[in-house]
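Let me begin by presenting the structure, written as structure tokens, before commenting on it.
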Amino acid sequence: MRDTVTGLISTYDITGRYLDRDAIDSLKAYFGSGADRVKAAAYISANAASLVKATGAALYERVPELLRPGGNSYTTRRYAACLRDLDYYLRYSSYALVAGNCDVLTERVLNGLRETYNSLEVPVGPTVIAIQIMKDVLKEQLAAQGIENTSFVDAPFDHLTRELGEVSV
């Protein structure tokens, strides 16, 4: 797993270059948002269950057919599996938030996920919608906690939705 610093240094090391203005600016931005990243991770850790619950409620309000007979969240077992997966995405997104790098999402979440969902006949579209909802819920709650600039939250959730979203939503 990489973070912003190791990724940047690795890139410059491979090309045999000193850190230039762009690299320094990137590091300044990363370190400048560091306290907010840590606050966000702490907030997620302390409120994961309520974040997942709020995301699930919003998803099922938006796509109620998922809960009806034949829907992919119909039955308690499938409903619980959906919430478990949302928790999984949230946890790994919190790692990516702190690292400022989405490699952990690719390595630990996305590799093989589409194939797994396809084999289990889990539709990817509602998953993408849920991840977008989760991002919005988290940003709203972090803003309420006094974190003014929540733009750093976008990267991991957008990475997940972009990579999963190759399927039409």
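The values are calculated or read from the model by the stated rules, or taken from the named source; none is laboratory data. Computed from a predicted structure; not experimentally measured. For neighbour counting, all protein chains shown are included, and Cβ atoms are generated from backbone atoms with ideal geometry for every residue, glycine included. All accessible areas refer to the heavy atoms of the entire protein, side chains included, with ligands and DNA or RNA removed. Shrake-Rupley method; radii C 1.70, N 1.55, O 1.52, S 1.80 Å.
Some observations on this one:
- For the pair Tyr88 and Ile14, the difference between a 0.36 nm per residue extended length and the Cα-Cα distance amounts to 23.3 nm.
- Between the listed residues Gly146, Asn111, Ala80, the Cα displaced farthest toward the positive end of the dipole of the chain, a dipole computed from Cβ unit charges relative to the Cα centre, is found at Ala80.
- Two tests apply to each whole DSSP H helix in the chain, Cα reach of 24 Å or more along its axis and mean Kyte-Doolittle hydropathy of at least -1.0, and the ones passing both are 34-62, 76-99, 124-144.
- Sites matching GluC sites (Glu not before Pro) across segment 107-169 that sit in DSSP coil, with at most 13 neighbouring C-beta atoms within 10 Å: Glu121, Glu148, Glu166
- Per-atom-type breakdown for the chain gives carbon and sulfur 52% of the accessible area (1.4 Å probe, protein chains only).
- Reachable lysines from Lys53, criterion Cα separation under 30 angstrom, eight or more residues apart if same chain: Lys39, Lys135, Lys139
- In this simple spin-label model, placing a label point 7 Å from the Cα along the Cα-to-Cβ direction at both Asn149 and Glu115 gives a separation of 4.1 nm.
- Between Ala49 and Tyr74, the contour length at 0.36 nm per residue exceeds the alpha carbon distance by 6.9 nm.
- Residue-span extension gain [Thr106 to Ala35] - 0.36 nm each, minus C-alpha spacing: 23.1 nm
- Å² of accessible area per residue within the chain, as computed with a 1.4 Å probe and no ligands counted: 56
- With the whole protein complex present, Arg91 retains an accessible surface near 90 Å², based on a 1.4 Å probe.
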